[in-house]
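In what follows, a structure is listed as structure tokens, so that the remarks can point back to it.
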Amino acid sequence: MTTVSQRLNKTFWIMLTAIFAVSAITTSPLAYAQNGSTSSQDDLEESARASWQPVRDLSRRTPKVRPSSAQVQLVDYETPVATASKTSSAKRVRPTSGNWNQGNTQRQAPVRTNVRPASATVLAQPVMQHTGMQHTVPLDGHVTFEPMHDSGCDAMPMGNCGCNDMGCDGGCGGSCGVGMGGCDGIGCSSGSCCNGDPMCGEYKDCDSLRPCLTLCWPQDGWFSAEYLMWWQDGVDLPPLASTGRLSDRTPLENGSILYGNNSVLDDDLDGYRFDGGFWFDNCHTWGIGAGFFQLDRSYDRFSGGNDNSTLVRPIITVLEDDNAGSLDDLTEGVALVNDPTREHVGDLNITVDSQLSGWDLYLRHFTKANSGCTGVGPCCCPTPWCSRSEHRIGFRQVELDEGIGINSSVLVGSSLSFALDESFRTNNQFNGIDVGWYHTRTMNYWSFDLGLRIAAGNTRQRVRIDGSTVVNQTAPAVQGGLLALNSNIGTYERDEFSVLPELNMKLGYQLTDQLKATFGYTFLYWSNVVRPGDQIERIIDQDQVPNSNADTPTGVFPRFAFDNTDYWAQGLNFGLDYRW
């Protein structure tokens with residue numbers, strides 16, 4: 001019994017402790033706050049919502065840097081929208097106690113009357129234009145275009161094949177009064193090119209490399225260098241060396257000509273040509289340039305004698321009674337140089353030289369341009385092309401300098417020697433006004449240039465004949481040789497009117513935007529010039545030929561008279577053309 005009673009008492013005290021614990025929990029302040037009356041809770045919630053203010057949490061967002069209004073301009077392209085969006089401001093409805101049901105904890109959504117538009121117009125293609133900003137964050141919905149650089153029709157093509165190639169941005173042409181982009185993307189400073197786009201075949205880039213030496217050259221210019229491989233109208237020579245008489249007269253009859261009676265220096269002429277200048281304007285309509293060319297002095301030589309063969313100088317002599325100038329009785333004669341059978345031992349050296357050079361200074365003016373599209377291009381598809389024409393006027397000088405030198409030494413027997421030195425030189429210098437027309441056609445990498453020019457002016461002709469003989473190696477020398485004697489020795493000058501037309505054709509291939517390789521042809525003609533071979537007369541008066549140290553008399557033959565002729569030169573050109 002005692003054991004059962006103890007267990008009941010223990011159970012009673014456990015239940016009593018649990019009841020006190022539950023009572024303490026249910027009567028605590030936390031429980032009272034959570035299980036308060038409904039009316040008190042509604043009052044608190046309504047008061048809080050009445051004082052509500054919209055707050056934007058910016059702690060989790062990165063602020064945007066917007067450009068100022070002075071740096072960003074918005075361009076609208078469409079008409080204004082309907083009147084429904086004309087309201088310039090939006091009304092915000094703040095919730096009040098009237099917006100809530102007193103007996104319901106659910107919130108009724110506020111009603112917005114209008115929405116503020118971003119602009120009064122709709123932008124079809126909004127564009128942000130930069131005005132002096134280097135780094136700017138664009139606005140939402142704006143499109144920013146980066147600058148596009150192209151090579152243009154006049155340089156390296158780019159883009160797709162065809163006439164709509166973006167490389168030909170300016171169309172290589174245009175209508176009057178429209179500011180044109182030009183074949184290279186650079187427009188005219190005046191904004192109007194009524195006669196076509198002058199930039200066809202030209203290069204324009206403000207950042208291009210230009211020559212500098214302490215001071216930089218003007219922004220726009222050109223320079224070309226060419227190697228010339230020409231040939232010319234050769235120098236005509238009379239018979240100057242032979243093996244005997246040029247007739248059947250004995251002795252030494254029927255000799256053969258060893259040197260002369262032909263033309264020499266008519267091919268294998270090397271030279272160079274330079275041309276350069278600057279443009280006065282960005283549209284390349286006016287420019288100034290200068291050019292220079294020169295063919296290297298070329299030589300043709302003959303040497304003979306001092307052997308067992310016969311070497312003579314063929315001449316024509318007049319009889320003593322014909323010295324008054326009559327040519328009724330002329331005789332083919334010879335002057336022995338080397339003939340061991342007749343105790344004449346000697347040598348003969350003849351040198352002929354020629355050099356052509358010139359320079360010019362000119363103004364160039366753009367006149368007209370054109371453009372179009374070929375049916376088939378190098379890439380087997382439609383290809384754009386453009387052309388450019390211009391006129392030039394300026395001053396031109398061309399000089400032709402030539403000469404024939406004859407040197408001979410003869411030992412007669414063992415006691416008499418002669419050393420002869422003779423020279424026949426001519427110089428022609430042209431000075432005149434030069435006008436020309438030049439046309440350029442460009443298509444992709446290739447270009448073709450055609451130039452026609454003609455100069456008219458004065459040619460100053462100079463002829464100088466000189467000769468001397470040293471007898472027995474005793475100075476001084478006596479005036480006169482064999483073909484240069486007292487009757488024709490001297491310097492002669494006169495002026496003649498001349499014309500000088502020139503044709504130039506050039507094919508070019510663009511290596512880079514600024515550098516082009518060229519291959520061309522040039523033909524040059526010059527009227528009324530004198531050549532040295534034409535000033536030699538073989539008719540001589542033997543009395544004028546020195547045979548001692550004594551002076552000789554002056555006779556009639558050989559005579560001097562200006563002998564005019566024409567001159568031409570032509571050839572191939574290989575070069576490089578640089579534009580900046």
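In the set (1) more than 30 Å from Phe278 (Cβ to Cβ); (2) touching a strand residue (DSSP E or B) at 6+ places or on another chain (Cβ under 7 Å), the condition left unmet by Leu576 is number (1). Candidates Leu228, Leu258: the one that is in contact (Cβ under 8 Å) with a residue 60 or more places away in the chain, surrounded by 18 or more Cβ atoms within 10 Å (Cβ to Cβ) and part of a strand (DSSP E or B) is Leu228. Across segment 415-435, the number of residues qualifying as modelled with pLDDT of 95 or more, over 34 Å from the mean Cα position of the chain (by Cα) and open to solvent by 50 Å² or more (accessible area, probe 1.4 Å) comes to 2.
State yes or no: is Arg462 more than 28 Å from the chain's Cα centre (by Cα), modelled with pLDDT of 95 or more and surrounded by fewer than 17 Cβ atoms within 10 Å (Cβ to Cβ)? So Arg462 passes the test. Pairs meeting the criteria (first residue in segment 340-363 and touching a residue at least 12 places away in the same chain (Cβ under 8 Å) and more than 18 Å from Tyr259 (Cβ to Cβ), second residue assigned to a strand (DSSP E or B) and of a type in the set (Phe, Trp, Tyr), beta carbons under 6 Å, at least 6 apart or on different chains) are Gly358/Phe293; Trp359/Phe292; Leu361/Phe395. Filtering Phe274, Phe292, Phe280, Phe302 for residues that are surrounded by fewer than 18 Cβ atoms within 10 Å (Cβ to Cβ), in contact with a Phe, Trp or Tyr (Cβ under 8 Å, 6 or more places away or on another chain) and under 30 Å from Ser242 (Cβ atoms) leaves a single hit, Phe302.
If you check Trp385, Trp359 for being modelled with pLDDT under 95 and surrounded by 15 or more Cβ atoms within 10 Å (Cβ to Cβ), only one passes: Trp385. Going through (1) in a loop (DSSP other than H, G, I, E, B); (2) out of contact with any Ser or Thr (no Cβ under 9 Å at 6 or more places or on another chain); (3) open to solvent by less than 60 Å² (accessible area, probe 1.4 Å) one by one, Pro553 falls short only on (3).
Of the residues making up segment 501-519, those that are open to solvent by less than 30 Å² (accessible area, probe 1.4 Å) and within 11 Å of the chain's Cα centre (by Cα) are Gly508, Gln510, Lys516, Thr518. Residue by residue through segment 556-575, note down the ones that are open to solvent by 10 Å² or more (accessible area, probe 1.4 Å) and among the polar types (S, T, N, Q). If the condition is that a residue be open to solvent by 10 Å² or more (accessible area, probe 1.4 Å) and among the polar types (S, T, N, Q), then Asn564, Thr565, Gln570 are the ones that fit. Just so you know, in segment 511-550 the residues that are modelled with pLDDT under 90 and assigned to a helix (DSSP H, G or I) include one that is nearest to Glu399 (Cα to Cα), and it is Gln544.
The number of residues in segment 473-501 that are in contact with a Lys or Arg (Cβ under 8 Å, 6 or more places away or on another chain) and without any contact (Cβ under 8 Å) to a residue 60 or more places away in the chain comes to 4.
Checking each residue in segment 467-500 for being at pLDDT 95 or above and surrounded by fewer than 17 Cβ atoms within 10 Å (Cβ to Cβ) picks out Gly490, Thr491, Tyr492, Glu493, Arg494, Asp495, Glu496, Phe497, Val499.
The values are calculated or read from the model by the stated rules, or taken from the named source; none is laboratory data. Here the structure is a predicted model, which is why all the values come from computation and not from measurement. When we count neighbours, we look across all protein chains shown, and the Cβ atoms used for this are built from the backbone with ideal geometry, even at glycine. When the accessible area is computed, the model is the full protein with side chains, heavy atoms only, and any ligands, DNA or RNA have been set aside. Shrake-Rupley method; radii C 1.70, N 1.55, O 1.52, S 1.80 Å.
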